[in-house]
Amino acid sequence: MATAELEGKRVLLGMTGGIACYKIAELTRLMTKAGASVQVAMTEAATQFITPVTMQALSGHPVFTSQWDARIDNNMPHIDLSRAADAIVIAPASADFLAKLAHGRADDLLSILCLARECPLLVVPAMNRQMWSNPATQRNVAQLRADGVIILGPDAGSQACGEVGEGRMIEPEAAYEAIVSFFRPKLLAGRRVLITAGPTFEPIDPVRGITNRSSGKMGFALARAASQAGADVRLIAGPVALSTPWGVEREDVETAQQMHDAVMHAVADYDVFVAVAAVADWRVAQASEHKIKKTETHSVPTLSFVENPDILATVAHLPNPPFCVGFAAESGNLEANGEQKRMRKNVPLLIGNLGPATFGRDDNEVVLFDASGVTRLPRAGKDALASVLIAEIARRLPDASLIS
Ligand code: CTP
């Protein structure tokens, strides 16, 4: 999580009764750490699961639990609180509260301020699987969607009641991601973005192989930022230890050839291709099917290599290519090498850095190469940099003609 992603954002966090209330402590911490001002309002039932004291300590603001609250000068907390929010997030949202929202009921502070709101409403349902799948709840959810309410989740899995099914609240990290996403400008709305990330692994035998030190962090950060900018994102990842960003479709591959095949299979459906992966240039000509034993080789083994396909150059030379963006980690002479590489790969935009020193780090400093010249961007965390790069890509895209 990048710091300050929610700087200046005012969130009214409404909690209703449910065991998932414990997850909201973490969600609150994530939002405040990212710079949001979080005002908590709880129903009476929510206070049975977690105390207002805990929520006050985590949010840094006194909690509201009743529409009769003398702390507000005119005693109209429903107006004051809803006007002071950029968005209302109801988490967890019980089946009962969804029903109230769908019908416009207003009989406690939280339901009144939802009805009185002028800002967007995001709802994070959490309930038993039967309560969720009940036609009444499904009717209510459909009505809320039709009313423009954003529904986040629920997840499927094991439930606090011991049953297994759809209805449990999405994890606090996922809710946080969705909230950040909600606030981001939709610079890539309607665009489809294909991204490669991470290293590749080229086998020598079933237990050995050749790889590199790419962590995949930059590619994953770009996938996250593209998704937050409203794009439909597919991420083709080499072997990395990273979780999939919220809203991103991921396909795991191992070798350069597999990455090439996965990209070529998908690329016709995409408007933008961003090649961030550190693809192995060569693979072992004849990987052994059995572990190469020391006792079998009487001398040090010799490996011979063949060249892997250049995925980016192949895509960029297609008759009708997507907008292609390349990455180049150079160990020196970045400015000369970057422009040469951009021309060689036939891409409109190449993002260069002085790797491999940046491999595995959480920050990066890059230089952009395009037809108009060279632009240096200041050093930044990979998440913050990814948002800047997405904006740089978005403003270079040909207009609506490419939107599928
Ligand atoms: N790339 C690719 N397929 C390859 C090699 C590279 O798609 N087989 C992409 C990378 O994802 C990156 C760009 O090409 O976007 C540049 O990668 P880099 O390794 O810097 O370029 P190379 O062509 O390998 O050039 P060199 O090794 O000579 O620097």
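The values are calculated or read from the model by the stated rules, or taken from the named source; none is laboratory data. Because the structure is a prediction, the values reported are computed rather than measured. Cβ sites come from the backbone with ideal geometry, for glycine too, and all protein chains shown count toward neighbours. With ligands, DNA and RNA removed, areas are computed over all heavy atoms of the protein, side chains included. Shrake-Rupley method; radii C 1.70, N 1.55, O 1.52, S 1.80 Å.
Once amide H atoms are built 1.01 Å from N in the peptide plane, which residues 5 or more positions from residue 251, or in another chain, come under 5 Å H to H?
Close amide H contacts, sequence-distant or interchain: 235, 236, 237.
Which value, in Å², gives the accessible area per residue of the chain when a 1.4 Å probe is used on the protein heavy atoms? Before the final figure, lay out each step's value.
On the way: 18930 Å² over 404 residues.
Counting only protein heavy atoms, the per-residue value for the chain is 47 Å².
Within 10 Å, Cβ to Cβ, of residue 234, how many net charges do the neighbouring residues add up to if Lys/Arg are +1 and Asp/Glu are -1? Mind showing how you got there, number by number?
Values: positive: 192, 250; negative: 232, 249, 251, 269.
Overall, the nearby charge balance is -2.
Could you check how much of the accessible area of the range 176-244 is carbon and sulfur, as a whole percent, using a 1.4 Å probe?
Details: 1300 of 2300 Å².
Roughly 56 percent of what the probe reaches on the range 176-244 is carbon or sulfur.
From the C-alpha coordinates alone, can you work out the Kirkwood hydrodynamic radius of the range 149-210, in Å? Don't jump to the answer; show the numbers that get you there.
Numbers: mean 1/r = 0.0623 Å⁻¹.
With all distinct Cα pairs of the range 149-210 included, I get 16.1 Å.
Quick one: which of 322-333, 380-391 comes out on top by average Cβ neighbours within 10 Å, and what's the full order, highest first?
So the peptides 322-333, 380-391, ranked by packing, come out 380-391, 322-333.
What percentage of all Cα-Cα pairs in the range 262-325 are separated by more than 16 Å? Mind showing how you got there, number by number?
On the way: 1194 of 2016 pairs.
Roughly 59 percent, rounded to a whole number.
Can you give me the long-range amide H partners of residue 305? Hydrogens built in the peptide plane at 1.01 Å from N, cutoff under 5 Å, separation of 5 or more residues or another chain.
Excluding prolines and chain starts, which carry no amide H, the hits are 285.
Search the structure for amide H atoms under 5 Å from the amide H of residue 231, placed 1.01 Å from N in the peptide plane, and list their residues when 5 or more places away or on another chain.
188
Can you pull the three principal axis extents for the Cα set of the range 1-148, in Å, largest first?
So the extents along the principal axes, rounded to whole Å, are 39, 38, 29.
Roughly speaking, to the nearest percent, how much of the range 98-148's 1.4 Å accessible area is carbon and sulfur?
Carbon and sulfur atoms account for 49 percent of the accessible area of the range 98-148.
Which peptide among 89-98, 23-32, 149-158 comes first, and what is the full order, when sorted by highest mean count of other Cβ atoms within 10 Å? Write out the running numbers ahead of the final one.
Numbers: 89-98: 25.7, 23-32: 21.2, 149-158: 16.9.
Result, highest mean first: 89-98, 23-32, 149-158.
Subtract the Cα-Cα distance of residue 44 and residue 365 from 0.36 nm times their separation in residues, and report this length gain in nm to one decimal.
Working: separation 321, 0.36 × 321 = 115.56 nm, distance 4.99 nm.
My answer for the length gained is 110.6 nm.
Report the label-to-label distance for residue 61 and residue 118 in nanometres (one decimal), using points 7 Å from each Cα along the Cα→Cβ vector.
1.7
Run the count for the chain, please: Lys pairs, Cα-Cα under 30 angstrom, 8 or more apart or on different chains.
Within the chain, the lysine pair count is 22.
Remind me, relative contact order of the range 192-397 in percent, using alpha carbon pairs under 8 angstrom and six or more residues apart?
21
Given that compact globular proteins tend to follow 2.2 N^0.38 Å, what is the ratio of the alpha-carbon Rg of the chain to that value? Write down the numbers at each step before the final one.
Numbers: Rg = 25.2 Å, N = 404, 2.2 N^0.38 = 21.5 Å.
Here the answer is 1.17, to two decimals.
Could you give me the ³J(HN,Hα) list for the range 272-280, computed from phi with Karplus coefficients 6.51, -1.76, 1.60 and θ = phi - 60°, whole Hz, x at Gly and Pro?
Rounded to whole hertz, the list is 9, 10, 10, 9, 9, 4, 8, 7, 5.
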